[in-house]
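> Structure in structure tokens, see below.
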Amino acid sequence: MPFSILHFADLHLDGAFTGSRLPATLARNCREQLRKTLRRIVDLAQARGAHAVTVAGDLFERARLSPDTAAFLISEFERLAPIPVFIAPGNHDAADAGSLYQRGRWPENVNIFASNRLTERPLTKEISLWSAAHRSPSERQNFLSHFHLPQPSSTHLPILLLHATLVATPSPSNNTHAPVTLEDIRQAGFPLALLGHYHTAQTARAGNTVVVYPGSPEPLGFDEPGQHGVIWLQIEPGQPPKIETVPLAELRFETVEVAVDDCNHRDQLFDKMMALPPARDFNQAFVRLRLVGSAPSSLFLDLPVLTQRLQNHFAFVQLENLTQPAADLQQLAQEPTVRGAFVREVLAARETGADGPASQQRYMDALAYGLQAFNQEDIALR
Ligand SMILES: [Mn+2]
């Protein structure tokens, strides 16, 4: 019979959900959903008869964890007994001396890898787990540097469990959380690595080595679109593991681009947004409508007014204005006027000073505000 493992990571219990500017009540509902999702993970492990549950870090957010959630977490894992749980602490739930991992009263079926050196725990006679902890939120070491498994043998199956950043090449900068390459994992002798840290599920392979990120069981914001869940593995020594993605998430974040070029007034834009699939099908989702293109000069993008009108039709909707000023900027920059000088200077500053899309967008916002002021129009906040 194959050995079955339910693997998950990055649940982020008590996470703030601040990255997506959700209203406080919705953020609280999302935190509540994370707890429900932990219950569903425990239910799933029991219903499917898991032989073990593995957690690759960021189980909770250490800085925000309430005593109530801590007690809830411990009792949920207690409910899993006798199924063993194996935890590799990550950067958000680092196993420092004051952490719940070091101070909590965990039940016997919970095994916490609290050392920052890889240690081994047997799962069966043939299969064992190797894991280590982030001991601080700023753990930068490669846990596999200079590491080799003792006595490699064809009948023994060692599995790596770790909160780590899979990188293509060894990173020259020092600000990556526990970087590791696929080659590090292969050379260390692990045919299977169960990782956490990336919130989008992914699998990577090199030769006979398989690396699995389950992603976050629930998405934590607009930068985590699509389906989320956990991983179900069936393992038999000598055979490639069977890897199944189990969708579980109740939360959903979707971003939809809306071109404004053909909208001469905001009722046209409103109708266009109402005709989008999310208004009909995604009414359980958090929807971000990203306005793109060039706004015709008559269109006034009054975001608060538009948002208010849309609110009745979405569970949550957020407008983001990434439109370009409609004017021909290169032509304006030629003008021998104060307005021309303004456009020249902002465009030049954008050339030299912009690092990343957010910064680029700030220059475009400045241009849009400035041009509206020069044209003595109402200023539409972006
Ligand atoms: Mn995380």
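Any read-out appearing in this document is the output of simple, stated calculations on the displayed coordinates, not a laboratory observation. Remember, it's a predicted structure, so these values are computed and weren't measured experimentally. Using ideal geometry, Cβ is built from the backbone for each residue, glycine included, and neighbour counts are taken over all protein chains shown.
> Can you give the helix-only mean residue ellipticity at 222 nm for the chain, where every DSSP H stretch with n ≥ 4 adds -39500 (n - 2.57) and the sum goes over all residues, rounded to the nearest 500 deg cm²/dmol?
-9000 deg cm²/dmol
> With only alpha-carbon atoms counted, please give the Rg and Dmax of the chain, in Å.
Rg then Dmax for the chain, in Å: 25.2, 82.
> Running a GNM on the chain with Cα contacts under 10 Å, which residue among Ala70, Ala168, Ala133 ends up with the highest mean-square fluctuation?
Taking springs between Cα atoms under 10 Å, the residue moving most is Ala168.
> For Lys125, Lys272, which order do you get if you count the other beta carbons within 10 Å of each Cβ and list the fewest first?
If I rank by nearby Cβ atoms, fewest first, I get Lys125, Lys272.
> Quick one: among Gly19, Gly229, Gly207, which has the greatest mean-square fluctuation in a GNM of the chain with alpha-carbon springs under 10 angstrom?
In this elastic network of the chain, the residue with the biggest mean-square fluctuation among Gly19, Gly229, Gly207 is Gly207.
> Something else about it: Can you tell me, using C-alpha contacts under 8 Å and at least 6 residues apart, the relative contact order of region 318-377 as a whole percent?
On the way: 31 pairs, mean separation 19.2, N = 60.
Computed value for region 318-377: 32 percent relative contact order.
> Could you work out the relative contact order of the chain? I mean the mean sequence separation of Cα pairs under 8 Å and 6+ apart, divided by the number of residues, in percent.
On the way: 769 pairs, mean separation 46.9, N = 382.
After rounding, I find 12 percent.
> Can I ask one more? Which of Arg28, Arg62, Arg350 moves most in a GNM of the chain, Cα contacts under 10 Å?
For the chain, modelled as a Gaussian network with Cα springs under 10 Å, the answer is Arg350.
> Moving on. Taking 1 over the mean of 1/r across every pair of different Cα atoms in region 230-343, what Kirkwood radius in Å do you get?
Hydrodynamic radius (Kirkwood, Cα only) of region 230-343 equals 17.4 Å.
> Write down, largest first, the equivalent ellipsoid semi-axes of region 1-153 in whole Å, where each equals the square root of 5 times an eigenvalue of the alpha-carbon gyration tensor.
For region 1-153, the ellipsoid semi-axes come out as 27, 20, 13 Å.
> Turning to a different aspect of this structure: Tell me, Phe286, Phe342 in order of fewest to most beta-carbon neighbours within 10 Å?
Phe342, Phe286
> A further question follows. How many nm separate the modelled label positions at Asp223 and Leu276, each set 7 Å beyond the Cα in the direction of the Cβ?
Output for this residue pair reads 2.1 nm.
> How do Met1, Met273, Met364 rank when sorted from fewest to most other Cβ atoms within 10 Å of their own Cβ? It would help to have the intermediate numbers written out before the result.
Numbers: Met1 6, Met273 24, Met364 19.
Taking fewest neighbouring Cβ atoms as first place, the list is Met1, Met364, Met273.
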